[in-house]
Amino acid sequence: MDTDLFNPELVPRGSKRRSGALRQTVAPRPNLPLFFSTVVAGGLGMGLVLGLPIVDGTLSELHLRGGLAMFIGSTTGMAGTYLALLMVVLASRAPILERVLGQVGVIHWHKRLAPWPIVLISAHAVFLTLAYAEAAKKGVLGEAGVIINTFPSMVTATIALGIMVGIGVISLRQLRERIPRESWWLLHLLMYAALILAFAHELALGPSFVGHPLAREFWTIAWLLAAALVLVYRVGYPTYRSYRHRLSVVAVKAESAGVVSVILEGRHLERLPISGGQFLEWRFLTPRMWWQAHPFTVSALPQPPYIRLTAKGVGNFSQELAHLKVGTKVAIEGPYGSFTASAQRRNEVLLIAGGIGVTAVRSVLEDLPIKSRPAVVLRASREEDLVLSDEIEKLVRHRKGTLHRLIGGRNEVSLDTIMTLVPDIAQRDVYVCGPEGFVREASEMARRAGVADEAIHQEAYRI
Ligand SMILES: Cc1cc2nc3c(=O)[nH]c(=O)nc-3n(C[C@H](O)[C@H](O)[C@H](O)COP(=O)(O)OP(=O)(O)OC[C@H]3O[C@@H](n4cnc5c(N)ncnc54)[C@H](O)[C@@H]3O)c2cc1C
């Protein structure tokens, strides 16, 4: 097969693909009013959820034996479960969330909130056990046994708590770094099982729900909606999209030592709503790889019936890509990401790629109009590590831009050089893509050069 078909000079100039005529617009900018409305709605939800148990008795029972522990146990339980609900909504990656928070924001908030449901729900279990033990004047362990064995749905709730605490433990940084990412990811999915197991006890015992059918219905509907979002956007839609495009590998091309491009063929790719700079979660259906999906940015806009990713082999999955057989079937999830031309706020852009971050820069460039005069900086330790640079050179030339190659070790080349190479940097949108450390350093350089935060767009590959 002709692996040169993504060469910018060979792509027909007036092709529908190139003009974007067949593509739906995707990756809109995060929307500030929508963001603030969502924060207010989230805060009101939390207020309501906390207000219910407070107004409904536990506050007036504070003076009773075990009343304080009961109050703390009830409120931490409701707050923790509400945050778990928000986590499930965030995990759905519903497109509206990207509009509100941006893709980076969705992941950021999912990570930031993650410890809190576990901490609060554990506190809930401890304080309620203490409360009941104090009220019954019994030992804590004995009372815990009574609660588990006699209260409705408490056996399943205890299993759920065990799973949550287990997930909390394996997520501690010291342990997480020792567990393969995929194993951790599969284990953390057990959180869904825990939330399902805990649900019945919430309705049966929660002070906000006992005797309050409306609150029960509201709570049930909220959880059903969150579950539906996950099923639709994480299962249904990817399955539909994978079936619709029926991708399979047609070629694997070595780009440099350790970097390969995988070219896939599929159906109706002109209908795939993807922008340059966006990524898909790719699942290669081989006996060794089918159970894990990894994110890779498209390294060129699709040229139907072909689409391409370019990957650096850094671990088991990415190294295995070099050995893919022609005909391997591929399932996809996405596209995701807001590192796209539509995030641009100024008239001109500076695109900075560190190492394999070149993939996103390559495909964003393709989405920029002719004569948009982009400045592009490719950073690599050695000349031979520069991949796709010929294609980038042609794309930059078509757009009347400038290309700079910054080659050399960290001690030899400072990112501050970019301020001299692109003196009008402060008037441009700055796109930075590459490994996490590189993205951080390049963004700091841009800030020092006077680029406003909202004009800095980042995509960190965490390699
Ligand atoms: C949005 C996005 C787009 C990406 N696009 C590209 C691309 O176009 N080309 C390319 O070569 N690489 C890209 N990556 C990085 C690529 O996903 C990882 O290198 C790959 O998943 C590593 O898997 P592994 O099993 O080979 O290595 P592992 O042994 O699992 O990991 C090696 C390193 O990669 C990190 N990593 C592993 N999996 C992920 C993951 N799913 N998300 C984030 N970091 C991970 C680990 O923290 C570790 O530092 C992208 C990453 C992200 C987040």
Only one of 255, 270, 320 is within 23 Å of residue 4 (Cα to Cα) and free of Cβ contacts under 8 Å to residues at least 60 places away in the same chain, namely 320
Exactly one of 366, 444, 393 is outside any loop (DSSP other than H, G, I, E, B), free of Cβ contacts under 8 Å to residues at least 12 places away in the same chain and either of a type in the set (Phe, Trp, Tyr) or within 17 Å of residue 276 (Cα to Cα) (or both), and that residue is 393
Taking the stated definitions as given, is residue 251 surrounded by 14 or more Cβ atoms within 10 Å (Cβ to Cβ) and assigned by TED's automatic domain parsing to the domain that holds residue 87?
no
Yes or no: residue 264 touching a residue at least 60 places away in the same chain (Cβ under 8 Å) and buried (at least 18 other Cβ atoms within 10 Å of the Cβ)? yes
Result of the Cβ filter at 9 Å on region 176-203, keeping first residues that are under 18 Å from residue 160 (Cβ atoms) and open to solvent by 60 Å² or more (accessible area, probe 1.4 Å) and partners that are assigned to a loop (DSSP other than H, G, I, E, B) and among the aliphatic types (A, V, I, L, M), at least 6 apart or interchain, is 187/179
Among 312, 329, 325, the single one that is surrounded by 21 or more Cβ atoms within 10 Å (Cβ to Cβ), among the charged types (D, E, K, R) and more than 16 Å from residue 276 (Cα to Cα) is 312
Is one or more of the residues making up region 154-166 open to solvent by 50 Å² or more (accessible area, probe 1.4 Å) and modelled with pLDDT under 95?
-> no
Scanning region 323-337 residue by residue, the ones that are closer than 17 Å to residue 243 by Cβ and either without any contact (Cβ under 8 Å) to a residue 12 or more places away in the chain or in a strand (DSSP E or B) (or both) total 7
| said: Can you find a residue that is surrounded by 21 or more Cβ atoms within 10 Å (Cβ to Cβ) and basic (Lys, Arg) anywhere in region 392-415? | reply: no
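The values are calculated or read from the model by the stated rules, or taken from the named source; none is laboratory data. Computed from a predicted structure; not experimentally measured. FYI the Cβ positions are ideal-geometry reconstructions off the backbone, even for glycines, and counts take in every protein chain you see. Note: areas computed on protein heavy atoms with side chains; ligands, DNA, RNA excluded. Shrake-Rupley method; radii C 1.70, N 1.55, O 1.52, S 1.80 Å.
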